Every structure is written in C-alpha cells, then in structure tokens.
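Structure first, then comments.
Values in this text are rule-based calculations from the coordinates and carry no lab data. Keep in mind that what you see is a predicted model, and the values were worked out from it rather than measured.
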Amino acid sequence: MIYRTRTYIAGDWTNDKIAIDKLFQWNDSNYWNLDFVDVHKFHQSKDSSLNCSIKKSLSERMDSCKTFVLVVGDKTNTTTAGSCRNCSNYNLNSIYCKKGIGVSCKSFIQFECDKAIRDRLKIVVLYHSKYVHKFFCPESVRNTGEHIAMIDGDGNWNYKKIRDAIMN
C-alpha cells in the first residue's frame, strides 16, 4: 500500500523559477507557516537522462504524493520540454523511438498534470500573476482543483491564500 503524504511541485522551472523558489523559501523558513514535504528531495533525475526515463522518475515521485501544486506562468501551456520530439532517439520520419520505447509528445508538465488527475490528487494551481489566467493552464487541470493568483492587487505575494490552499 502506498502512503500518500507528500506535496509535488510542478511548473515551468525556466520561466517561473522565482515563483517556485518562493514556495520552497517559505517551506524552509522558520518564520512562515508553510509546511510541506517536498517529494523532489527523495527521487532525483539527471538532466542527461532520456525524457522517458525522467517521466518514469516523475511518476515514482508522484506515487507518494497527496497534493499536486502546479505553478502556472504565461508559457506553461506551450512548453515542450519532455516531449519525445526533443529527444535524439526520436525518429521524425517514421515517428518511433530508436530505443524501442513508446513515443509520447506530452511535455513534462502535461504528463504530471495527467497523472495528478488519474491518481485523484488534491490539485492546487498557482498563477505567477495577479490574475487567474486559465488559458495558460494545461487543459487537463484547467477546471479542476483550486486556482489562485500568487500576487495580490498590491503586487505582494499572496502568502495566506497560497498557504491555505496547499495546507487545507
């Protein structure tokens, strides 16, 4: 039996790193009351790994999670990192993998969102913005879970709403 006790943070680590880092900063702080167990500390993937093996590792990480947090920015829905098309083993002419592995054109983010839905995890979508722009969110979680703007009307981090969504 798998005990799901951890929190999984997903997002576009290239374009929304500031927002993702803020979550980890709050989590590691003695002052802020954001307390989650980061699953990324328990399973690591190497950047040089094949996209399919990274997805397998992501899946294993998510198997121990009860909460899925997606940080959405203006490029989240269009990122292609993780697609087999970006792998050197992908044969464009015949659309197959030279390693004999199944081909998936889903990005890492799309893969993670789909798995969160399949596993019926608690879903929290945080927008790296003052507004909830659902069209930037992957379709599989666009109308699921709690959606919150990370920045309030005054331009400050919306800590209380974020904490309440993740912790409750």
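Summary of computed values
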read-out: Long-range HN-HN contacts of Val125 with modeled amide H, under 5 Å; value: Leu70, Glu146, His147, Ile148
read-out: Distant-in-sequence amide H partners of Arg6 (H built 1.01 Å from N, under 5 Å); value: Cys65, Lys66, Thr67
read-out: In order through region 121-129: 3J(HN,Hα) via Karplus (6.51 cos²θ - 1.76 cosθ + 1.60), integer Hz, x for Gly, Pro; value: 6, 5, 10, 10, 10, 10, 9, 6, 5
